[in-house]
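Enquirer: Quick one: this structure, given as structure tokens, is what I'll be asking you about.
The values are calculated or read from the model by the stated rules, or taken from the named source; none is laboratory data. Fair warning: this is a prediction, and the values are worked out from it, not measured in the lab. Glycine also receives a Cβ, built like all others from the backbone with ideal geometry; neighbour counts cover every protein chain displayed. Just the protein is used for accessible areas: all its heavy atoms, side chains included, with ligands, DNA and RNA removed. Shrake-Rupley method; radii C 1.70, N 1.55, O 1.52, S 1.80 Å.
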Amino acid sequence: MIAGRRSEQGDDCVDANSGELQPNTEAGKRFVAIVAQHRDAFRERAPAHDEAASFPAENIDDLKASGGMAVFVPEELGGLGLASIHDWIVGLERMARADASTAIAVTMHYGVTRNLAGAWRAAVERGDEAAAQGPAGMLRAIAAGELVFCATATEAGTDFLRPQTTAEASAEGWSINGRKFFVTMSPIADLAVVGLRVREAGEEDKIGFAFIPMETPGLLPQDDWDALGMRASGSQSVVFADCRVPRESIQIAGEWGRWNPGILMGRTIGNVTLVAVFLGIAERARELALAGAQAATKTKLDGALASASGVQHLLGEIDIELAAARAVLGEAARRLDAALAEPGGGRPSLEVAHGHMRDYQAAKWTVNQSAIRIVSRAMDVQGGTAFMGHNELSRLYRDVRAGPFMQPFSPTETHEYVGQVALGLYPEG
Ligand SMILES: Cc1cc2nc3c(=O)[nH]c(=O)nc-3n(C[C@H](O)[C@H](O)[C@H](O)COP(=O)(O)OP(=O)(O)OC[C@H]3O[C@@H](n4cnc5c(N)ncnc54)[C@H](O)[C@@H]3O)c2cc1C
């Protein structure tokens, strides 16, 4: 028999000793509380949006109303003032238990907001009012629920360091041409942050990012999102056809095709948090496995499935894998938080930045591979009903499969990269 008491926190079948990640900061605790207040509504809306592959705009409206879209906006500008990457991960993990598609979508918005908050704070600290104005305006708009970002780097057949979507200098600014896919949340976003190959006469090509309002002429959403999983993430393709933006819309990140510490840190921080979504899917699968084991009965057992040693063994396997997944992700985030708290921590050497990327890759591999197995085992616990189209576990089984695709790196590159870092053979690009 399974001994012990159930939690009184309101989470389905989560026991007090489950070992789930917990927020460390006050802002993180408030973020987790905000997510908890939306849990039931998000979960209720998820099946219909999954079936229709439609974007749950209502969830974003709810998050705007509760302050959940402004978690990284500084308190002085009307937001929650979240700073901890660890606590960002905890909040996202909880959101993914309710709806993984929404959690993956808001990750992109949070990443951009966090960068803006950093730019604003740095400008204020050096007394540069002019430089603070732009970020402050956007951060206030986010807090007022008037600005939502999507962020797009991905293109078919290339990677983040080598975008083929170009920004060519023109008399009035830039002309942008190319095609992005997997542009999550773009159906409702106000502004897209777009990774580009920036070309100017007489100069080496650069990687740049443009802030482009979604209604800009030449920015053409394709309404083509119909995937195996994450069907409610709105990850359609977007074409740029002579999309013209002013000169100041583009920020340069570095040389095209080459890692630098800033790009490594940006990718690590922006993407390690995505791993939380897949941990959240695994946590939800565990909840459902426990609930199924305790509620479902078998004549042969004369009671609940939970009394069967085979079921107990499967649940044990789930918890052991989850313990490792939580630990590796939580530790990667804590190390990042600690490094960023040091003077100059946001501008490390190339070697240190590769170390953070390595930690992220280790967490990504461990969590994604475990989460896929955990969802599958939870289905084994629940049995054939988990295979039905309307069953939540069957959606989790499809959603969880998206994890390994997230760049960088693809599953065929991860081990090579981690080995290179171990050997000090840091890849240049
Ligand atoms: C649900 C979902 C939402 C997403 N949202 C966004 C978003 O909002 N913004 C965004 O920018 N991106 C987003 N992405 C994209 C994601 O981050 C990946 O970049 C994308 O899925 C990778 O596409 P790919 O597999 O075609 O490319 P690749 O990773 O290039 O893989 C293509 C194939 O090439 C192989 N491969 C690649 N490089 C190498 C190599 N060097 N050596 C050997 N084999 C290699 C891979 O294993 C794979 O078989 C999203 C993806 C998903 C699934």
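Enquirer: Can you pull the three principal axis extents for the Cα set of the chain, in Å, largest first?
Expert: The Cα atoms of the chain stretch 79, 46, 43 Å along the principal axes, largest first.
Enquirer: For region 166-255, what D do you get in µm² per second when you plug the Kirkwood radius from alpha-carbon pairs into Stokes-Einstein at 4 °C and 1.567 mPa s?
Expert: 95 µm²/s
Enquirer: Output the 0 to 90 degree angle, nearest 10, between the alpha-carbon long axis of helix 309-341 and the longest principal axis computed from the alpha carbons of the chain.
Expert: 30 degrees
Enquirer: Looking only at Ala41, Ala105, Ala117, which one moves most when the chain is put into a Gaussian network model with springs between Cα atoms under 10 Å?
Expert: Top of the fluctuation ranking is Ala41.
Enquirer: If you don't mind, another one. Give the value in nm², to one decimal: projected area of the alpha carbon convex hull of region 328-429, averaged over all directions.
Expert: If I average the Cα hull's projected area over directions, I get 8.0 nm².
Enquirer: Hey, another quick one. With springs connecting C-alpha atoms under 10 Å apart, model the chain as a Gaussian network and identify which of Ile34, Ile188, Ile320 has the largest mean-square fluctuation.
Expert: Ile320
Enquirer: List the aspartates and glutamates whose Cα sits under 18 Å from the Cα of Lys300, skipping any in the same chain fewer than 8 residues away.
Expert: Asp380
Enquirer: Given N residues in region 337-386, what is Rg(Cα) / (2.2 N^0.38 Å)?
Expert: The value comes to 1.86.
Enquirer: With bins 5 Å wide starting at 0, give me the P(r) of region 26-148 over every alpha carbon pair, in whole percents.
Expert: 2, 12, 22, 23, 18, 11, 7, 3, 2, 1, 0
Enquirer: For region 121-186, what Kirkwood radius comes out of the mean inverse Cα-Cα distance, in Å?
Expert: Final number for the Kirkwood radius of region 121-186 is 14.9 Å.
Enquirer: Additional query: Sort 50-63, 231-244, 339-352 for me by packing, meaning the mean count of neighbouring Cβ atoms within 10 Å per residue, highest on top.
Expert: Top to bottom by mean Cβ count within 10 Å: 231-244, 50-63, 339-352.
Enquirer: Next question. Roughly what % of Cα-Cα distances in region 113-227 sit above 22 Å, to the whole percent?
Expert: 44 percent
Enquirer: Here is a follow-up. Would you work out which of Pro187, Leu228, Ala131 lies farthest towards the positive end of the dipole of the chain? Charges go on Cβ: Lys and Arg +1, Asp and Glu -1.
Expert: Leu228
Enquirer: In Å and whole numbers, how far do the C-alpha atoms of region 283-334 stretch along each principal axis, longest first?
Expert: 47, 17, 9
Enquirer: Using Cα-Cα distances under 8 Å and only pairs 6 or more residues apart, what relative contact order does the chain have, in percent?
Expert: 16 percent
Enquirer: Further, regarding this structure: What value, in deg cm²/dmol to 500, does the helix sum -39500 (n - 2.57) over DSSP H runs of n ≥ 4 give at 222 nm once divided by the residues of the chain?
Expert: One gets -17000 deg cm²/dmol as the mean residue ellipticity at 222 nm.
Enquirer: Dipole magnitude of the chain about its Cα centre, charges +1 at Lys/Arg Cβ and -1 at Asp/Glu Cβ only, in debye to the nearest 20?
Expert: It comes to approximately 700 debye.
Enquirer: Ok, one more. For Glu204, Glu168, give the ranking by accessible area with the largest first, probe 1.4 Å.
Expert: Sorted by accessible area, descending: Glu204, Glu168.
Enquirer: Give me the net charge of Glu76's neighbourhood, meaning all other residues with Cβ under 15 Å from the Cβ of Glu76; Lys, Arg count +1, Asp, Glu -1.
Expert: With Lys, Arg at +1 and Asp, Glu at -1, the neighbours total -1.
Enquirer: Here is a further query. Could you sort Lys64, Lys29 by their accessible area in this structure, using a 1.4 Å probe and putting the largest first?
Expert: Lys29, Lys64
Enquirer: Rank-order 84-94, 407-417 by packing density, defined as the average count of other C-beta atoms within 10 Å over each peptide's residues, highest first.
Expert: 84-94, 407-417
Enquirer: What ratio of Cα Rg to 2.2 N^0.38 Å holds for region 261-423?
Expert: Compared with the compact-globule rule of thumb, region 261-423 sits at 1.23.
Enquirer: Same structure again: Where nothing but the Cβ of Lys and Arg (+1) and of Asp and Glu (-1) is charged, how large is the charge dipole of region 26-148 around its Cα centre, in debye to the nearest 20?
Expert: Computed charge dipole of region 26-148: roughly 220 debye.
Enquirer: Where the only charges are on Cβ atoms (+1 Lys, Arg; -1 Asp, Glu), what is the dipole of region 166-255 about its Cα centre, to the nearest 20 debye?
Expert: Roughly 200 debye for region 166-255.
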